[in-house]
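The structure under discussion appears below in the form of structure tokens.
The values are calculated or read from the model by the stated rules, or taken from the named source; none is laboratory data. What you see is a predicted model, and the numbers here were worked out from it, not measured in a lab. Don't worry about glycine lacking a Cβ; one is built from the backbone with ideal geometry, like all the others, and counts go over all protein chains shown. To get the accessible areas, we keep the full protein, side chains included, count just its heavy atoms, and leave off ligands, DNA and RNA. Shrake-Rupley method; radii C 1.70, N 1.55, O 1.52, S 1.80 Å.
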Amino acid sequence: ALAQAHWQQAVPSTLQVRVFALRRMISWTAFPLCFVLAGPAADALVDVTGDTTAGIAAVFVIAGVGKALISLIALTPKNRARLVENAG
């Protein structure tokens, strides 16, 4: 709830729809992609250690790091996502 309020204060009202749609698109796209990449890594970790809890933990760690990387890539200066204010 606090993050939503912060975004509403930080983003001009004329751009809020675009910014919120972009945030949701990045989030919904990042999680499946990160879990697809994390699954095989977790399986390999379980094969090596024999500990299933390490594999599950690896899925969440890799997925979280992957989502952070995708978000950073989307916010790079050369990316079109940063130019949302110039659209329309």
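Observations, loosely collected:
- Neighbourhood net charge (13 Å Cβ-Cβ; Lys/Arg +1, Asp/Glu -1) for Ala54: -3
- Between 0 and 90°, nearest 10: helix 52-74 axis offset from the chain longest Cα axis: 30 degrees
- Hydrodynamic radius by Kirkwood, which averages 1/r over all alpha carbon pairs of the chain, in angstrom: 14.9 Å
- Solvent-accessible area of the chain (1.4 angstrom probe, protein heavy atoms only): carbon and sulfur portion equals 68 percent.
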